[in-house]
Every structure is written in structure tokens, then in C-alpha cells.
């Protein structure tokens, strides 16, 4: 999968984060860069500038980002694959990580809104089936999925492209929408 991704030294961080949604998590976990105000970077900074300012070898950072991206890909499930698994009768727990308002307005069938109480229940007694987390467009779900894995829920997957990809590729009756923040 990494052969399809090109990371360049002159790439702006904004573009890099669009290309690799888990890049922010990978840079912070590996180098403590980008996770707080003291180590933040600007969207218009290049990867080379961020690495230089933080004494990170550029080649090492690129290798770290590509390896992280490959791990992230293993956490993703494509909308069509999820649909097939549901149709095949697999036990799937759908968890909506969007806001309560978004969940109440539009959601996947049988999806549960992930609040703190439900999360605590899942951590205390993990479900037997596969957990599939989703957000609006797949931008934040990988971080949450990785967090679930870190808490022992190895059966968690992230819906690639979020509910928007589901509506576009699987079920056009699910209303698509746009947030002002998108």
C-alpha cells in the first residue's frame, strides 16, 4: 500500500495530513511533534521545515509516516465490505463517534451513539462481534479506532470515508450532508 503514497520534503503539513489521516498521531507518538501548543506546527509549514526545527531526520520521519499509514490501512473497512459482512449475518456493532446532533439526524441502521457510558461498557465487557466505528468523512475515526485497539478491543475497525462514503457508495437513501467545519 505504501507504494501508492508519495511523501515529499516540500509537502505542506496540511496536504500531508489530508493524504495520511494518521500522520498527526504518528508524528506525536514517535517524536512528540504536533500534539500540543509547545510542539505544534502550522498547516503551511513543509515536512522538511518541521523535521529541521525538531531535529528529526527527514528520511526517518518519512519511513515512520509510511509505516504508520500501512498500519492504519489494516484498521479500515471499506463501505462495500461492511455491507457484505452485514448481509452475511456477521455480528457487527456499529458505533457512531460523531456528535449527538449528527447521530440523531442521520445514522447507519442499528448504529449506537458512542458516549462515555457505552464506551465504559464496551471496555468492561467487549462484544463478541466486530466493532465498526464511523464518523462523518473518515477523518477522525482512525484515531479512535487505534485508541480502542490500545485498550484491548482488537476487533475494532474504522469505516473508510465515514457515513459519507456509505451514503455515496452503498446506500443512497442515507442523506449526505456538509458541516461548515468541513
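The values are calculated or read from the model by the stated rules, or taken from the named source; none is laboratory data. All values reported here derive from a predicted model rather than from experimental measurement. Here Cβ is always computed from backbone atoms with ideal geometry, including for glycine, and neighbour counts include all displayed protein chains.
Some points to look at:
- Residue in segment 26-39 that is crowded, with 18+ Cβ neighbours inside 10 Å and under 25 Å from residue 126 (Cα atoms) present: no
- Residues in segment 145-165 that are over 9 Å from the mean Cα position of the chain (by Cα), under 15 Å from residue 85 (Cβ atoms) and surrounded by 21 or more Cβ atoms within 10 Å (Cβ to Cβ): 2 in all.
- Filtered residues of segment 161-178 (kept if part of a loop (DSSP other than H, G, I, E, B), under 10 Å from residue 137 (Cβ atoms) and touching a residue at least 60 places away in the same chain (Cβ under 8 Å)): 161
- Entry remark, segment 86-99: residues being surrounded by 17 or more Cβ atoms within 10 Å (Cβ to Cβ) and part of a helix (DSSP H, G or I) number 1 in total.
- All positions within segment 123-144 that are surrounded by 19 or more Cβ atoms within 10 Å (Cβ to Cβ) and modelled with pLDDT of 95 or more: 131, 132, 133, 134, 135, 136
- Within segment 145-160, the set of residues being assigned to a loop (DSSP other than H, G, I, E, B) and either within 27 Å of residue 177 (Cα to Cα) or in the same structural domain as residue 26 (by TED's automatic domain parsing) (or both) comprises just one member, 160.
- Any hit, segment 57-80, residues being closer than 30 Å to residue 172 by Cβ, in a loop (DSSP other than H, G, I, E, B) and out of contact with any strand residue (DSSP E or B) (no Cβ under 8 Å at 6 or more places or on another chain): yes
- For first residues located in segment 100-120 and exposed (fewer than 15 other Cβ atoms within 10 Å of the Cβ), partners that are at pLDDT 95 or above and in a helix (DSSP H, G or I) and lie 6+ apart or on another chain with Cβ distances below 9 Å form the pairs 109/86; 110/86; 112/103; 112/118; 115/100.
- Take the conditions (1) under 14 Å from residue 156 (Cα atoms); (2) outside the structural domain of residue 153 (by TED's automatic domain parsing); residue 96 misses just one of them, which is (2).
To keep it simple, each residue is scored yes or no on (1) assigned by TED's automatic domain parsing to the domain that holds residue 20; (2) closer than 19 Å to residue 166 by Cα; (3) touching a helix residue (DSSP H, G or I) at 6+ places or on another chain (Cβ under 8 Å).
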position: 91; (1), (2), (3): no, yes, no
position: 103; (1), (2), (3): no, yes, no
position: 106; (1), (2), (3): no, yes, yes
position: 111; (1), (2), (3): no, yes, yes
position: 120; (1), (2), (3): no, no, no
position: 126; (1), (2), (3): no, no, no
position: 130; (1), (2), (3): no, yes, yes
position: 143; (1), (2), (3): no, no, yes
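- Of the residues making up segment 16-48, those that are more than 21 Å from residue 69 (Cα to Cα) and in a helix (DSSP H, G or I) are 37, 38, 39.
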